[in-house]
Structure formats: structure tokens, C-alpha cells
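The values are calculated or read from the model by the stated rules, or taken from the named source; none is laboratory data. Worth saying up front: this structure is predicted, and the values here are computed from it rather than measured. Here the Cβ positions follow ideal geometry from the backbone for every residue, glycine too, while neighbour counts run over all protein chains shown.
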Amino acid sequence: MALSGMRGLSVFISDVRNCQNKEQERLRVDKELGNIRTRFKNEKGLTPYEKKKYVWKMLYIYMLGYDVDFGHMEAVSLISAPKYPEKQVGYIVTSCLLNENHDFLRMVINTVRNDIIGRNETFQCLALTMVGNIGGREFAESLAPDVQRLLISSSCRPLVRKKAGLCLLRLYRKNADVVNIDGWSDRMAQLLDERDLGVLTSVMSLLVALVSSNTEAYWNCLPKCVKVLERLARNQDVPQEYTYYGIPSPWLQVKTMRALQYFPTVEDPNTRRSLFEVLQRILMGTDVVKNVNKNNASHAVLFEALALVMHLDAEKEMMSQCVALLGKFISVREPNIRYLGLENMTRMLLVADVQDIIKRHQAQIITSLKDPDISIRRRALDLLYAMCDITNAKDIVEELLQYLSTADFAMREELALKAAILAEKFAPDLSWYVDVNLQLIDKAGDFVSDDIWYRVVQFVTNNEDLQPYAAAKARDYLDKPALHETMVKVSAYILGEYSHLLARRPGCSPKEIFAILNDKLPTVSSATVAILLSTYAKILMHKQPPDPELQEQIWAIFRKYESYIDVEIQQRAVEYFALSRKGAALVDILAEMPKFPERQSSLLKKAEDTEVDTAEQSAIKLRSQQQMSNALVVTDQPPSSSSVPVSQPGPVKMPSQNMEGSSPDQAMTKVNGTVDKIDPEPAPSADLLGDLLGPLAIEGPPGTAVSEEQNPVSGLESPNSADALALSTLSEQSDSVQPIGNVADRFHALCLKDSGVLYEDPYIQIGLKAEWRAHHGRLVLFLGNKNTSPLVSVRAVVLPPAHLKLELSMVPETIPPRAQVQCPLEVVNLRASRDVAVLDFAYKFGTTAVDVKLRLPAVLNKFLQPISVSAEDFFPQWKSLSGPPLKLQEVVRGVKPMSIPEMANLFTNLQLAVTPGLDVNPNNLVASTTFFSESTRAMLCLVRVETDPSDRTQLRLTIASGEPALTFELKEFIKEYLVSVPTASPAPAPAAAPLQPQPPPIAAGLNDPGAMLAGLL
Amino acid sequence: MGIRFVLLVNKQGQTRLAQYYEYLTLDERRALEGEIVRKCLARTEHQCSFVEHRNYKVVYRRYASLFFLVGVDNDENELAILEFIHLLVETMDRHFGNVCELDIMFHLEKAHFMLEEMVMNGCIVETNKQNILAPIQLMDKAS
């Protein structure tokens, strides 16, 4: 094959191409890199041809995504080669591999300069191109005058000058001083008279850069740009090679109109008239033609012309014409045009006063919000956001809310944020604002950032009229089943502050409010527990005279949390308890929160932060910034460039309930009870709107379920139970869809941790995240469609065993392509049992129907909470639970050998708190835990294991608890783990030791707790 | 800045040509290529040719097994870039005669030369096919 003329390169490329997998490719690449490295080391024998070949290989390898950390020197050195082919490779590969700060570049500055000022124009082109692509400050300082000279030289050919133009642009960006404005604007004007369209294209880009930072200086270029545009539009003096499907260089036309958008206005009447003539021709004369390329090219010009007309603030008539055109575009079938129609309408709103005309298209825009293409939906959302004002806010926000429940996963957060902002900016009345935000939290709690509910609290606090209404609304939401936790937070806060305003309504007495809030307590996270505690304190404070019964209930809770694991909650519990016993003084201490100082909405800030700076301020952005002020509603500080709000030492009375004494700005988050460390600042807000298209979280919750070392592989149930069940149902299906990874392994891993993958096959991944609190549990299933087509007929049914109450929320019938759906599952443990809940999950992908039965890791140990018991507490308990059925003992044989630390580790994973030292015999283990179920409530369980160091395959297990069934179930449960655990490392059992009879040696000494224990046994 | 990168990727997601006009580390490039390729390849013919990604836009076009992806600033004229892709393809066609993936793969250096003549520092520098191909023809003659 006469391929590239470099045989070695072709062979290598085809070798890589023939690799069957990534691993083979890596091996082949590594081999080649080794080869190149050796060849470069013995450089003496290398011909320029070989060097060239190796350098191309390096570039190819680099392109494939491998690190090439050597050979840069060889690439750079080719620049100095005397012959064109080598030099060319040197320049091109250098500009691909190195960045502008690389030290090697400095070494070739002189060579590059010599090429630029030399006589060989092909060398000039190469050098200018490289400097244009990667030249840094040093290049700017030493080369700019030469480059300028080339650009304006009359003896240079266009092919060199066009490169000089863009090279100068690079140098100017690196160091603006290299272009001396005084003399240069005249030069630019002259350059715009250029006949050659290549040079003109390059000069126009240079002009855009220059004019974007200094319009004043380049006024004289404006008429020249109009001339260029006229020349192109009338197709005068345009060589055939520069027309594209009959259109004179559409790219130059676009660039020229872009340059014109940097001039604030066109004052000279003649120039203005000429320009509008051209624009009018473009607006009227662009027809839809059959040829796609021609059509695109002419519409590229048309859209740029539209942008320019908008910018120039043309007469009302021409503007309406533009809007009419855009209105037509947003309803055509061609998706590109639809997208651009929406995008340009949004831009138009930023720069021109066309709100009213655009509103006529509202219905069509709302339809686009449901377009099958996410790019288009996103544009529609932006446009609706931009066109919203007080007259249509209600309609638009309601549309957004409605759309929220069906919107893509990737768009929901943006959608929620935008709806919240609009509700705030344009609320016709305040109660509507509250309604919208509570609906938002209710419908899309997972996508509502904390900022949103903080803002609601701020708003309600600052508007007295709103407080009773908000409290009533919050109370209503509490009646709903399956409330999102954010809703619990916001309701708790509002009711704590304002529920006394409702006291006379039915169902709103302090007692009732407390009762309904307290229902949520067992299932919420600690951040919310903290808020609830504050709310209880406030409820107590408002109930005057005190109600002894309520007081007792609340005090009991405070006391319960006094020893809670979370310090923040502990502190609150202790302090509220102490404070609430102060009687009437409480009213002063826990008085209502003062108003928040007005400040710019953090939501707006969030939305604004997504603005990104590009090298050139875009014309539209420059313009819109001048008109931005009306977009900020609640701002009381000058729009500063810094994104961090200045902390305002406003007249905020520190609420005495806030013990940490935080700054006023923090008061909001802290006093509200969001424990700071649990609730770090939301991720860099630029991400919020910026990267909604980012990688889908199909991977499910973090931490995948493969790596746990002590996965019990099998035998969690008796051999014929669910283990076999899951596998057997799968094997029936095996001809069609095979699961990825071992389903049983995944289940077992999830028994010991709370998030991971439950099931995966080529079409779907089911992730799981669980939270457990006492006898309640909340599992969230993440159903992620891995494909580009939807999964249909999705069905999930939970088959609960008798001891669990399970409630699975609605599972949608269809999972859209690449989307992830979350399905919460509420679990209540009624009593102890080792039975396992099964999820019957089915879906269809195309013609393939999949039905799997998956065990759910709502197993016994999930309802355990480790508790350390001291010797003083342990022994009386152990003694009082004497003998069967409360205390059961069994000698277990066939135990997987493991060392005591390994076993302790296993127990810890099972939520059993191992207490070292209680049993003096180092071969024994004592552990305790609390078991929660609806029937037993919290019940203490004690465990003792006596092992035989000489035979690790047997041990004696003793379990004690206050309930026979629990004792039995727990014993069997632990046994299963002991019998089945695969050893990570072989237990260091002395193989030769003789078998000894079971009972461990009994230690003497009555004061010794271990001995006592042994004695009791 | 205008054009940030030009990527040629086949149906399997393998990179066939990559030219960046802003410096990215290897890891950044790998991540970026992975993300946008996945996004663009998943789209259907009935969807538009623009994909928003992070703070820029990808304008893409498919030719048989090859995807041409061009990353641009958000305010770039999308259709102009879309047709610029076609111009690149036509230029390659003129040189190779009915260009295919293999031509680009095995003539990596020529593909680079062409692109280098058309885009410099993220700006379009030449749209005249004859001018674009002149240096390559010069080379061919020399060898």
C-alpha cells in the first residue's frame, strides 16, 4: 500500500487498529514507546527521515490518549532542520505536544525568528502558524514587530500575510501592548481594503479581538466593514474558490457582521443606510432551499444578520420582522433551525425591547419544552426564563412545575432553580411565592438545593403577613405520606417559628403540631433532627401556660438525645433541656427570629455565577450587561465582580438560641438548624447550570458493591432459599439477558453496607442507597437506563415477608434513555426474622423482556444499633436473662476458621459492638447491640462467643435478649455468618494442635468480670 | 477564541484526529473526549447538531462511520461551524477522492496539514480549497 510514505508509521497504525481490546493496544503502544525511546537515546544513527517517523508515532500515541513524556526535545529540534519535510513535522508536532510555557520553546525562539524574517515563504508560514497557535509572552515581545511588518508588507504574498494576521492576534492576546493603538487603527483600516479574501478573513478575526477591548480606537474601521459586507453580499469580486454553494464566503460574512456588533451604533447616515440595505436583503432574500449545505450556509448568514439587526436597535418594523422570522423558525421541523430560533429569541430579549412580541409565541415555546431533543428543551427553558415577567409569571412557572415531574433527571435542578427564581422575582402575591416553593420541594425535593429552602425561610421571616399562611401550608404538607426530608426541614422551621399563629385552627394545637412533627423524627437525618429539636424548643416556648404533658414528652426527647452520637444534636438537646426549665424566661431567650438583612438572592447569584468568561467578551454579553440592572430584584449592593457576598454586619439581633455565635450571614443556616458540617456549601455553583449535561449518574450511588473483603458468598439463607431463588429465575432468562456481576455477591455486600449496586445488566443498573433509623428504613432504588432507547413496561413489586412492612413508591412505566429514576422504599420492621424481602423487577427493552427477582438487603442486622455496655450493666443483664428461651446456647461446628480480630471485625460489620476486656479469655468475644422492631421497640441483645484456639472450626455461641424469638433469630443469623464467611487470609491455626474438648478454660478470681461471666455460663 | 478543538471520532468512539486550540492536560482531554463522544454518539438523526457541554458547545456532523466534532464558544455561529465541517470534508474529498476513515487514519499527517491550513489559533484562516491543499501538493511533488 502506498500509504503515508512512512511505512513504519503505517505498520504501527494498523497494528494498533488490529488490537482486539484496550489492553492489547496499551501493550502495543508501550512497546512502541520503548522502541522510540531507545532509538532516541542512540541518536547518532538517526536519519532525519527516521526522526520524522518517530515523532509522528509519538503524536499518534498522544492522540490516542497516552502520556508521551519524552522525545519533546527531538520534536522541537526538527524545527531547526534545513529541509521542509522535517521542519514542517517539527513545527506541527511541537504545537500539538507542547504548551506555551514549555521550556524547550525558548530554545527555538531564534530559529523561529529566523524563519519568520527569512526569505523562504513556506518556512515563514510554518513558523507563523506555530507561534500563532502556541506562542507565549516571550514570543510576543521578541516577534511582534516582525509579524506586524509581514502583515502590512506589500511585497509579501497573501499566504504569508493571512498567517501573520492570526499570529499577531495570538501575540496581542498574550500581551496587548505589542499593538500600538495610535498608529495601528489606520493600518487596520487599510488592511480592510484587502482584495484577497484569505487575508481579509484573518484580518477580520484580528479586528474582532482588537475592537472588543477598545471600540473607540477603531471607529475608522466601521465603514470598511460595511464595505466588505456589501462586496460579499453583492457578490462583487469574489473568486469562485471563495464561494460556498454559490454563497460568497459565508464565514467571512459572519465574521464581518460579528465585528460590526462591537460598535455601539452606526452614526454616519450613509453607512447606516448601506448597512441596512444589505441586512434587509439578507432578511428578505434567504429562502429555504433543498440543498442542506447551501441552506445551512445561508441561514448562518441570516442568523448573524438577525443578531446585528437586534444589536443596532433597528426601527420597530424591522424588529418585528426579525421576531416574526424567529417565530417561524421555532416551529419548523428542522431541529437545527428550531434550536437556533429559540437561542436567538433569548439573545434578542437581552438586547432589545421585544418582550411583547415574543410573548405571542409563548405557547409554541412551551411546546418546545417537551421536544424530544434535550438541546432544544434546554433552549426553551432558557427562553421561558428570560421572557418571564409579572404578566406571564404565573403561567410560565406553573408550566415549569408541571414539567418538573417528567423532566429529565439532568435538567431538574436547573429547572427547580429557575422556577424558584422566577417565583421570587415576579410573584404577583406573596402567598403564591410560598405555594410555588413548597410545591417545588414536594415534587423535586432531591433536586432542590438548600439555597431554595433557605430563601423561603428568609422570605417568610421578613414578611409578617405571610407567616400565618406559610405556617398553615407547612402544616398541610405534613399530612402527606412520604414527605421529602427537605419538606420536613422547611415545615419544621416555619412551624417552630409561627405555628402559634395557627393555634386556634383544628389540628394545629402545639400538641398536635408536635405529634405530627415527631412522627418524622425517627426517619430523618441528623441535620433534620437538629432542626426538629429547635422546633420543639420553640413549641414549648410558645405554649404558655405550659402544658405539663407536652413538656414531659419533649423533655423526654431532649433527654434521649443528650447522649446522641452527633455533637451538634447533643449540644442542642442539653441546652434546650436546660433552657426550657427556666420557665417564663424562656420566652425572651427563644424569641422569634429577627428579620434577615436584605441581600441579593443567593439563587440569582447562583444563576449568575454560571456566566463564563471567554477570551473575548461577546458582543451580546457586553450589551446585556448594560441592561442587567433590572434583572436583579433583591439586591442592595452594587453588582460586584466578586462572587462572594460581602458579609453585612446588619442590625441583626443574635438569637440567643444560637449558641455558637455565628456571624449574621451564617445565622440563617446555623440557627435554622442545618448542621454545618453535614451540609457543606453546595458544590461550586458554576456546575449547577453549567454542567447539567455532565456524565449521568447512572453509575448509581457512590461505592460499588464489589470490593468488600468479608462478603459472605453464600449461605445467608438455607441453601434452597432466596440465594437459589435469585439465581434460578435468572438462569431461566439466561438466553436473553445476563446480569453483569454476581447478583448474590452484590446482595451480600449490600447486607453489610448501605449503598451500592443491587443489580446490573446491559440495559439497566439498579443502585441502592439505604438509611436506617431504629425500626424504620428508607431505601432508595436508583433505576438507571444505560441505553439510548427507553426501557418500557417497567414493573417493580415488592414481596414482603411477614415481619416487614414495605411501601414502594410509584415506579414509572418507562425509563427514558440515559435517565435515572429514583424510587424510595419505606421499610418498617415489625419483629425479628431472617426472612428476606424480594423485589420482583421486570422491564422490556425492545423485544427483550427481563424479569428478575432480587433480594433486598433489609436484613436483620440493619435494625441493629451497636451499643457498648459496661461491666456493671452487662453482668446483671446477663444474669437476669437466665436460660432458654431468653438465653440460648449452641456449639457451632464447621465454622470458617478466622482469627479473633477477624471475627470482631465481622461483628462490627453486623452492628454488634464488641467490648474487649469484658471476657478475660482472649479467645472469647463479648458483644452487645440494640435491636429495633415495632413490637419490641429497642431491645438489648448480648452475645458471647467462645472459641477454641486449637480448633477454629468450632465455637460456642450464646445469645441473650428479652424476647425468645429475637434470641433465636439472632443466634441463627450470626451462625449463618460464622459458618459461611470465606477467610480473606488463612487463619493462623496451629494445624498440629490436638483437638481439645469444647469448654474453654475457666479462669479463677471472683473480682474478675471475665471469670464471673464464665461462672455464670 | 472561537474554535476550541476539532475531533474526529469513529462510531466506536476511537479518536482519529484531535487538534486542540487551548492547552488541556492529557487527563482533561481524555475526560472531555469521553464525555462529549458519549453524548454526541448517543443522539439520533432527528436531533439537532448542537450539544451543550460545560461552558461551550459542540457542533457535530456525521459522515458514514466518522463523527466530526467541533467545540466552540457559546456565542459562536453554529451553522457557520456546521458548514465549516463540511468544507473540511470536501477538502479532504478533493485530496483523497471520496475520503474514508482509513484515509484519515493512515494519512494522519496530511489531515493535520489540512486542518492547520484552515484553522489557526481557533480562528478560521482559509476557506479556499485550492489554497488549503497547496502545501500538501508541494510536498507530494517534492517526494
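Please go through (1) at the interface with chain B (Cβ under 10 Å from one of its Cβ atoms); (2) modelled with pLDDT under 90; (3) buried (at least 20 other Cβ atoms within 10 Å of the Cβ) for A:GLY71 and return the number of the only condition it doesn't satisfy.
Every listed condition holds for A:GLY71 apart from (1).
Here's a check for you: in the range B:40-84, which residue that is facing chain A (nearest Cβ under 10 Å), among the aliphatic types (A, V, I, L, M) and not in a strand (DSSP E or B) is farthest from the chain's Cα centre (by Cα)?
B:ALA42
What number goes with the only condition from (1) more than 8 Å from chain A (Cβ to nearest Cβ); (2) under 18 Å from A:THR129 (Cα atoms); (3) charged (D, E, K, R) that B:GLU109 does not pass?
Unmet for B:GLU109, out of (1) more than 8 Å from chain A (Cβ to nearest Cβ); (2) under 18 Å from A:THR129 (Cα atoms); (3) charged (D, E, K, R): (1).
Can you tell me which residue is nearest to the chain's Cα centre (by Cα) among those in the range B:120-134 that are surrounded by fewer than 23 Cβ atoms within 10 Å (Cβ to Cβ) and more than 7 Å from every other protein chain (Cβ to nearest Cβ)?
Ranking the qualifying residues of the range B:120-134, first place goes to B:LEU133.
Does A:ARG195 satisfy being within 14 Å of chain B (Cβ to nearest Cβ), without any contact (Cβ under 8 Å) to a residue 60 or more places away in the chain and in contact with a Gly (Cβ under 8 Å, 6 or more places away or on another chain)? Even if it seems obvious, please write down each step before you answer.
Details: within 14 Å of chain B (Cβ to nearest Cβ): yes; without any contact (Cβ under 8 Å) to a residue 60 or more places away in the chain: yes; in contact with a Gly (Cβ under 8 Å, 6 or more places away or on another chain): no.
Against the criterion (within 14 Å of chain B (Cβ to nearest Cβ), without any contact (Cβ under 8 Å) to a residue 60 or more places away in the chain and in contact with a Gly (Cβ under 8 Å, 6 or more places away or on another chain)), A:ARG195 does not qualify.
Does B:MET114 meet the test of being more than 10 Å from every other protein chain (Cβ to nearest Cβ) and among the hydrophobic types (A, V, I, L, M, F, W, C)? Lay out the reasoning, then the answer.
Details: more than 10 Å from every other protein chain (Cβ to nearest Cβ): yes; among the hydrophobic types (A, V, I, L, M, F, W, C): yes.
For B:MET114, the condition - more than 10 Å from every other protein chain (Cβ to nearest Cβ) and among the hydrophobic types (A, V, I, L, M, F, W, C) - is met.
Take the range A:351-381 and flag every residue that is more than 14 Å from every other protein chain (Cβ to nearest Cβ) and either in contact with a Leu (Cβ under 7 Å, 6 or more places away or on another chain) or in a helix (DSSP H, G or I) (or both).
A:GLN355, A:ASP356, A:ILE357, A:ILE358, A:LYS359, A:GLN362, A:ALA363, A:GLN364, A:ILE365, A:ILE366, A:THR367, A:LEU369
Evaluate the following for A:ARG173: is it within 14 Å of chain B (Cβ to nearest Cβ), out of contact with any strand residue (DSSP E or B) (no Cβ under 6 Å at 6 or more places or on another chain) and exposed (fewer than 15 other Cβ atoms within 10 Å of the Cβ)?
Judged against the criteria, A:ARG173 is not a match.
Is it true that some residue in the range A:221-239 is surrounded by 20 or more Cβ atoms within 10 Å (Cβ to Cβ), among the basic types (Lys, Arg) and touching a residue at least 24 places away in the same chain (Cβ under 8 Å)?
Yes, that holds for at least one residue.
Restricting attention to the range A:223-237, does a residue exist that is in contact with an Asp or Glu (Cβ under 7 Å, 6 or more places away or on another chain) and within 14 Å of chain B (Cβ to nearest Cβ)?
Scanning the range A:223-237 turns up no residue that is in contact with an Asp or Glu (Cβ under 7 Å, 6 or more places away or on another chain) and within 14 Å of chain B (Cβ to nearest Cβ).
Residue by residue through the range A:765-777, note down the ones that are farther than 26 Å from A:ASP851 by Cβ and outside any loop (DSSP other than H, G, I, E, B).
Answer for the range A:765-777, where residues must be farther than 26 Å from A:ASP851 by Cβ and outside any loop (DSSP other than H, G, I, E, B): A:GLU771, A:TRP772, A:ARG773, A:HIS776.
Might you let me know whether the range A:390-404 holds any residue that is of a type in the set (Phe, Trp, Tyr) and modelled with pLDDT under 85?
For the range A:390-404, residues of a type in the set (Phe, Trp, Tyr) and modelled with pLDDT under 85: absent.
Consider only pairs whose beta carbons are under 7 Å apart and that are at least six residues apart or on different chains; among these, list those whose first residue lies in the range B:7-22 and is closer than 15 Å to B:VAL119 by Cα and whose second residue is among the small types (Gly, Ala, Ser) and not in a strand (DSSP E or B).
As it stands, the answer is B:LEU17/B:ALA111; B:TYR21/B:GLY122, since those pairs meet every condition given.
Looking at the range A:292-303, I want the residues that are within 7 Å of chain B (Cβ to nearest Cβ) and have a partner that is outside any helix (DSSP H, G or I) with Cβ atoms under 7 Å, at least 6 apart or on another chain. Which pairs are those?
Note: pairs meeting the criteria are A:ASN293/A:TYR245; A:ALA297/A:TYR244; A:ALA297/A:TYR245; A:ALA297/A:ILE247; A:HIS299/A:THR286; A:ALA300/B:ASN77; A:PHE303/B:ASN77.
What is the residue count in the range B:92-115 for residues that are touching a strand residue (DSSP E or B) at 6+ places or on another chain (Cβ under 9 Å) and without any contact (Cβ under 8 Å) to a residue 40 or more places away in the chain?
Quick first cut of the range B:92-115, residues touching a strand residue (DSSP E or B) at 6+ places or on another chain (Cβ under 9 Å) only: B:99-101, B:104-105, B:108, B:111-112, B:115.
Subsequent filtering for residues that are without any contact (Cβ under 8 Å) to a residue 40 or more places away in the chain retains B:99-100.
Result for the range B:92-115: 2.
Identify, please: which residue in the range B:30-39 is buried (at least 17 other Cβ atoms within 10 Å of the Cβ) and at the interface with another protein chain (Cβ under 8 Å from one of its Cβ atoms) and is, among those, nearest to B:GLY71 (Cα to Cα)?
In this case the residue turns out to be B:GLU33.
Within the range A:80-99, which residues are at the interface with chain B (Cβ under 8 Å from one of its Cβ atoms) and assigned to a helix (DSSP H, G or I)?
Here is the first cut: in the range A:80-99, the ones at the interface with chain B (Cβ under 8 Å from one of its Cβ atoms) are A:84-85, A:88-89, A:92, A:96, A:99.
Result: A:TYR84, A:PRO85, A:GLN88, A:VAL89, A:ILE92, A:CYS96.
Across the range A:247-268, what is the number of residues that are more than 11 Å from chain B (Cβ to nearest Cβ), surrounded by fewer than 24 Cβ atoms within 10 Å (Cβ to Cβ) and either of a type outside the set (Asp, Glu) or touching a strand residue (DSSP E or B) at 6+ places or on another chain (Cβ under 9 Å) (or both)? Break it down stepwise before answering.
The first filter runs over the range A:247-268 and keeps only residues more than 11 Å from chain B (Cβ to nearest Cβ), leaving A:256, A:259-260, A:262-268.
Within this subset, residues satisfying the condition of being surrounded by fewer than 24 Cβ atoms within 10 Å (Cβ to Cβ) are A:263-268.
From the residues that got through so far, the ones that are either of a type outside the set (Asp, Glu) or touching a strand residue (DSSP E or B) at 6+ places or on another chain (Cβ under 9 Å) (or both) too are A:263-266.
Qualifying residue count for the region: 4.
For the subset of the range A:293-346 comprising residues that are farther than 15 Å from A:LEU383 by Cβ and acidic (Asp, Glu), which member is surrounded by the fewest Cβ atoms within 10 Å (Cβ to Cβ)?
A:GLU317
Looking at (1) outside any helix (DSSP H, G or I); (2) buried (at least 20 other Cβ atoms within 10 Å of the Cβ), which is the only condition A:VAL55 fails?
Condition (1) is where A:VAL55 drops out.
Among A:ASN114, A:ASN133, which is the only one that is touching a Ser or Thr at 6+ places or on another chain (Cβ under 6 Å), of a type outside the set (Val, Ile, Thr) and part of a helix (DSSP H, G or I)? Show your work before the answer.
Details: A:ASN114 fails: touching a Ser or Thr at 6+ places or on another chain (Cβ under 6 Å).
Matching residue, one of A:ASN114, A:ASN133: A:ASN133.
Residue-by-condition table, conditions (1) of a type in the set (Gly, Ala, Ser); (2) surrounded by fewer than 23 Cβ atoms within 10 Å (Cβ to Cβ); (3) at positive phi:
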| position | (1), (2), (3) |
| --- | --- |
| A:ASN909 | no, yes, no |
| A:LEU912 | no, no, no |
| A:VAL920 | no, yes, no |
| A:SER928 | yes, no, no |
| A:ARG944 | no, no, no |
| A:ASP951 | no, yes, no |
| A:GLN954 | no, yes, no |
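Scanning for something more than 23 Å from A:VAL11 (Cα to Cα), part of a helix (DSSP H, G or I) and among the hydrophobic types (A, V, I, L, M, F, W, C), does the range A:60-75 turn up at least one residue?
yes
Inspect all residues belonging to the range B:19-29 and state whether any of them is in a strand (DSSP E or B), of a type outside the set (Val, Ile, Thr), within 10 Å of chain A (Cβ to nearest Cβ) and surrounded by 17 or more Cβ atoms within 10 Å (Cβ to Cβ).
There is at least one residue in the range B:19-29 that is in a strand (DSSP E or B), of a type outside the set (Val, Ile, Thr), within 10 Å of chain A (Cβ to nearest Cβ) and surrounded by 17 or more Cβ atoms within 10 Å (Cβ to Cβ).
Would you say A:THR94 is in contact (Cβ under 8 Å) with a residue 40 or more places away in the chain, under 24 Å from B:CYS123 (Cα atoms) and either of a type in the set (Val, Ile, Thr) or assigned by TED's automatic domain parsing to the domain that holds A:SER153 (or both)?
It is true that A:THR94 is in contact (Cβ under 8 Å) with a residue 40 or more places away in the chain, under 24 Å from B:CYS123 (Cα atoms) and either of a type in the set (Val, Ile, Thr) or assigned by TED's automatic domain parsing to the domain that holds A:SER153 (or both).
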